[in-house]
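Have a look at the structure below, then the notes.
The values are calculated or read from the model by the stated rules, or taken from the named source; none is laboratory data. Since this is a predicted model, take the numbers as computed values, not measurements. Neighbour counts run over all protein chains shown; Cβ positions are idealised from the backbone, glycine included. Surface areas here come from the heavy atoms of the whole protein model, side chains and all, with no ligands, DNA or RNA. Shrake-Rupley method; radii C 1.70, N 1.55, O 1.52, S 1.80 Å.
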Amino acid sequence: MSRIRLPWETMMLLPPLISLIIFPQPTGYNYLLFFIIATAHLISIMNAKYRTFFIIVQLVAIALWGAFLNPWELCFGFYPALVIGKYPSYRKITGMTVLMAVLFAGATGFHFLRESNPLYLGWYSILLILFLLPYIVRMIRKSHEMKLGLQHANDEISRLIKNEERQRIARDLHDTLGHTLSLLTLKGELVERLIPQNPDQASKEAREIQNISRSVLLQVRELISDMQSIDLGEECQQAAQICESAGISFKLERNDELGGAPPIIRNILSLCLRECVTNVVKHSGAHKCTIRLEEGPGKYILQVEDDGVGIAKENHDRFGSGLLGMKERLLLIEGKLEMVTGETKGTKITIIVPKVKKPAITEGIQ
């Protein structure tokens, strides 16, 4: 059997209820009006379908209480004001607030005219707070909804990045390790056949198997290194060391290391930079490699340029998996990759990532 769970706002009705019990009222109308207000308040919270009707019931009951008994009781307007703030539309909030203003201001004026007392203007400052309360509640709820939305978006981005990394690792295992291990199997079978017939050739093939095994170990280490989080500044230093080791002149041009970019953008750009520099060192035959980092208006730019042999059309498939991996990573941050290459003019890869725009809170009265 399910248990009925009352909203936390129920606890806010306890102080006035305790006050009515401890301090006896001269008439029974106080208890009746409080019962009407409390009941309507709870229903308006728990049932959005009839919320408007029961808010009006509360406002009318409070206005009658203030007009005929004591204007101090208009402070009970705190309860319907809280519920008015639950409306998603500022038009409804404004309409109900205006109704509350008319009823409460009229109740205050009627009471003092009825009692033939001078009008106490201090009451209207208290009423002003009640009239602002629905908007304050709405702003708080809107802020909370935005935080939840941002948290959900960040969780989704993290999930997509993890999924993309899994796919990349699977591609790397299939494209590199899978091919290499198949080659080792074939070499092992060849050595087995050569041992009784040609021991010298078998020994030569065995040494080649050792070299291939070392290559596999290096690939595994590189794969593990790729799985670790990397920083763009550190990756630039690593690129300089790799190029110098390969005898390639390295130059880094930047107006900023994109220090203001979010960590996700810096990490993905670092992975793209690593892939570009690896291609330059392994395949370009270049003498010079230039990396440019720029933070322009509304975008981040990473450019890698070399003076190597370029990428001929028949060799495009050779680099397809690396470029595809970079493009898939860049999709997560809405980036794009542009490549200019020729058979003898070197290669220039430009990566452009738009800056994340902060959502403007411009919701007006609907």
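When residues in region 343-354 are screened for being open to solvent by 20 Å² or more (accessible area, probe 1.4 Å) and assigned to a loop (DSSP other than H, G, I, E, B), 3 of them pass. Just one of (1) open to solvent by 50 Å² or more (accessible area, probe 1.4 Å); (2) at pLDDT 70 or above; (3) not in a helix (DSSP H, G or I) fails for Q241. It is (3). Find the helices (runs of 4 or more DSSP H) located wholly in region 1-98 whose residues include 3 or more that are surrounded by fewer than 16 Cβ atoms within 10 Å (Cβ to Cβ), out of contact with any Lys or Arg (no Cβ under 7 Å at 6 or more places or on another chain) and at pLDDT below 80, and list them. Fully inside region 1-98 and qualifying: 14-22, 29-46.
Can you work out which of the residues in region 288-310 that are open to solvent by 50 Å² or more (accessible area, probe 1.4 Å) and either in contact with a Gly (Cβ under 8 Å, 6 or more places away or on another chain) or in a helix (DSSP H, G or I) (or both) is farthest from C236 (Cα to Cα)? Only one residue fits best here, namely V309. Looking at region 329-337, is at least one residue modelled with pLDDT under 85 and in contact with an Asp or Glu (Cβ under 8 Å, 6 or more places away or on another chain)? Yes: one or more hits. Checked against the criterion of being closer than 26 Å to L33 by Cα, within 39 Å of the chain's Cα centre (by Cα) and assigned to a helix (DSSP H, G or I), region 103-122 has no qualifying residue. The listed residues are L181, L121, and the only one of them that is open to solvent by 80 Å² or more (accessible area, probe 1.4 Å), under 30 Å from V83 (Cβ atoms), at pLDDT below 80 and not β-branched (V, I, T) turns out to be L121. Kindly provide the set of residues from region 42-51 that are among the β-branched types (V, I, T) and under 35 Å from the mean Cα position of the chain (by Cα), ordered by number. Within region 42-51, I45 is the sole residue that qualifies.
For region 311-327, give me the residue count where each residue is buried (at least 17 other Cβ atoms within 10 Å of the Cβ) and at pLDDT 75 or above. Number of matching residues: 3. Is it the case that region 152-165 has a residue that's more than 30 Å from I333 (Cα to Cα), exposed (fewer than 14 other Cβ atoms within 10 Å of the Cβ), among the charged types (D, E, K, R) and at pLDDT below 85? Within region 152-165, not a single residue is more than 30 Å from I333 (Cα to Cα), exposed (fewer than 14 other Cβ atoms within 10 Å of the Cβ), among the charged types (D, E, K, R) and at pLDDT below 85.
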